[in-house]
Every structure is written in C-alpha cells, then in structure tokens.
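Quick notes on the structure that follows.
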Amino acid sequence: MPTRKKIGLIGAGNIGGELARLVANKELGDVVLFDIPAKESFAKGKALDLEQNGSILGYDARIKGSSNWEDLRGADVLVVTAGIPRKPGQSRDDLVATNLPIIRDVANNAKKHCPDAFVIVISNPLDAMVYEYKRVTGCDKSRIVGMAGVLDSARFQLFLAREANVSVKDVRAMVLGGHGDDMVPVLSMTTINGVPVTTMIAKDKLHAMVERTRKGGGEIVGLMGTSAYYAPATAAVAMAEAYLLDQKRLLPCAAYLDGEYGYKDLFMGVPVIIGGGGVEKIIDIPLTDEEKGMLAKSAQSVQGIVDVVKKS
Ligand code: APR
C-alpha cells in the first residue's frame, strides 16, 4: 500500500512553523514538528492549529508536535532549524557557541533514528552547521545540503526586479559562496529572461544591490529583532520538493565540495541538481576572474568558521 512521505521539521519555531504550513498546504507528506521537551506543548499547539487550518484549506496532511525522536523514525526528509536566531547587531558567526551543541545533539539523534533522510540544514552559521551535521552523522554527501543560496538569490532577484521595474518572475540570478557578508551574486549569469542584467541596470546600482543582498538577512533582523522566516521556509520547501518529486531542479545550495571549484572538505553555495537521488550533481559554471576571487574570499571565511567548529 502506498504510504505518505514523512517530513521531520527539527525546530518548531518561526521557520519550523512556516515550513509545516507550506509542506502541508502543498501536500508533500505528513509532518512531525519536533522541538525540545520544554517546547513540546508549544509544538503540539502549533501542529494542532495547522491541522485545523487543513479543514479550511482542504489538505489532509497529518501534523504532529513532538519532542520524541521515535516519532521521526523513517523520515524521508529532515529540515533542521534547531538553534537560536540572530539578534540585532549579531553576525551569523556569533551563533556558533549556542548552535554548535544544538546541531551536534540533532545530528546524533538523527543518525540513530532517521539515517536515510535527505537533510536540509537551515541553522546558522549555515555552512559550518551543515558541515558539522555531516561530520557527526557521516552521511553521504548526496544526502545533505544547506539552505542559503535559494534565499539569497531570491533577495537579489527581488531587488533587481524592483530596480528594473520588471516582474520578479523574469529575473534569473544565482548567489553562490558562503551564507555570509561576502557571498557571491554571479552577475555574469544574471539575466532578465535572458537579457543580461548589465544592459538594463547601471553598474553602480547593481553594486548597491549586491551589497544589500549580502546584508539582506541583517536588514530583516534589524527591522524585526529576529531572523526572517517566510522566505527561508519557502526556499527550503522548494529544495525538499525537488527531492521528493524528483524534479531535478538546478538550485544554488550549500553542498559538500570534494574538489569542485577547487575546494575540498567544505560546504559552500554552488549550483546543484536536486532530484530523487538527493544532490545528484554539482554544476561547474564558468566564473569570471573577479567572481572566482570573490568565491575564494568567501571560501576563506567559511573555512575560518569551520576551523573554529573543528577545534570546539
Ligand atoms: N532540538 C530541537 N529543537 C531545538 C533544539 C534541539 N536540540 N534546540 C533548540 N531548538 C528549537 C528552539 O526551541 C526553537 O523552538 O529550535 C527552534 C528555533 O526557532 P526560533 O527561535 O523561532 O528560530 P528561527 O527563526 O526558526 O530560526 C532557526 O534558522 O535561519 C536560522 O539563524 C536562524 O539558526 C537560526 C535557525
């Protein structure tokens, strides 16, 4: 008998709740909204609210709040948001001390209870947290990605669309590298439905938008006092959907690099094909010398934080 997919959401906070809402609404599968024991009743309340939402929207997904890892047994996908979000003035890297023990706890439990899941990590600092998750679980590189590039690209695309006064649907852009202030929006490949963006937006304006994108997360933290959650959740669901429906989408994701782009034993944002096989392929795109330089700088920052994690 066919069974429904099981999607485990580790962390039932702002992003976790929005993930559950999107997964249920798209009927991608049943959801386990997981949090620590102190937050179990909160997770259960959120799950119940979202199940009741289904009576109006017309979805049958079961959503269960839990703090018991047994409930995650056999999960097809895990999306990890466990951790503390940024407060105004903090960088993502400032979160290492709090989020490192949390990601280790999650990875140890996930290894035991759902070793076959395709894993999408969102917790920050992203590139280091996804690295640590893979190190602790020893999972295959095809089973794990970090969510950053889809979100950073979405931010960049919005700014470009507004500036060029065109639909955001027609903007194609990719942001690669680490999920930090030196991420790399690939201008040489940015188009408005095939039209090079440089023919429609002046250089200085583009430069300002690149800078705004790099600080895009911080801009929202400054306004809300906590991290963004709508677009981050939507980005991760696009990645989960690509896996569950074998869509073979080409998405910028933090993937484990084993020589690609000249980097080894590092997670960083690169164009990836996501399908039923998980990370099916990393696509090597030709970058300009300037972009290669920016990627090297970004990789250096990621390596710096990974080195801190390795020593902790
Ligand atoms: N296991 C499961 N859940 C945990 C654990 C753990 N070991 N430790 C913390 N959590 C839970 C918290 O109890 C909280 O409910 O993770 C949840 C995080 O939710 P929020 O505080 O609302 O944070 P959110 O905005 O969802 O962001 C989560 O994603 O983008 C990143 O920087 C962000 O690292 C942060 C993460």
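The values are calculated or read from the model by the stated rules, or taken from the named source; none is laboratory data. Note that the structure is predicted; figures quoted are calculated from it, not measured. Glycine also receives a Cβ, built like all others from the backbone with ideal geometry; neighbour counts cover every protein chain displayed. Surface areas here come from the heavy atoms of the whole protein model, side chains and all, with no ligands, DNA or RNA. Shrake-Rupley method; radii C 1.70, N 1.55, O 1.52, S 1.80 Å.
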Computed Rg/Rh for the range 170-312 (Cα atoms; Rh = Kirkwood radius) stands at 0.97
Quick calc: nm separation of the 7 Å Cα→Cβ label points for Leu245 and Val308 -> 3.9 nm
For the range 6-146, one quarter of the surface area of the C-alpha convex hull, expressed in nm², comes to 8.1 nm²
Simple SL model, points at 7 angstrom along Cα→Cβ for Ala97 and Asp49; separation in nm is 3.2 nm
The FRET efficiency for Thr198 and Ser167, from their Cβ-Cβ distance with R0 = 25 Å and rounded to 0.05, is 0.85
If each part is reduced to its alpha-carbon centroid, the range 123-164 and the range 16-48 end up apart, in Å, by 21 Å
With Rh as the Kirkwood radius over Cα pairs, the chain has Rg/Rh of 0.96
Mean separation of Cα contacts under 8 Å (at least 6 apart) over the residue count of the range 6-146, i.e. the relative contact order in percent, is 23 percent
Simple spin-label estimate for Lys264/Arg4, 7 Å along Cα→Cβ, in nm, reads 4.6 nm
With every protein chain kept in place and a 1.4 Å probe, the range 15-132 has an accessible area per residue in Å² of 43 Å²
Carbon plus sulfur, as percent of the 1.4 Å-probe accessible area of the chain, comes to 53 percent
Extension length gain for Arg212 and Asp116 (0.36 nm per residue less Cα distance), in nm, is 30.8 nm
Nearest-0.05 FRET efficiency for Lys87 and Lys26 at R0 = 30 Å, using Cβ-Cβ distance, is 0.45
Stretched fully, the stretch from Ile285 through Leu57 gains (0.36 nm per residue minus C-alpha distance, one decimal, in nm) 77.9 nm
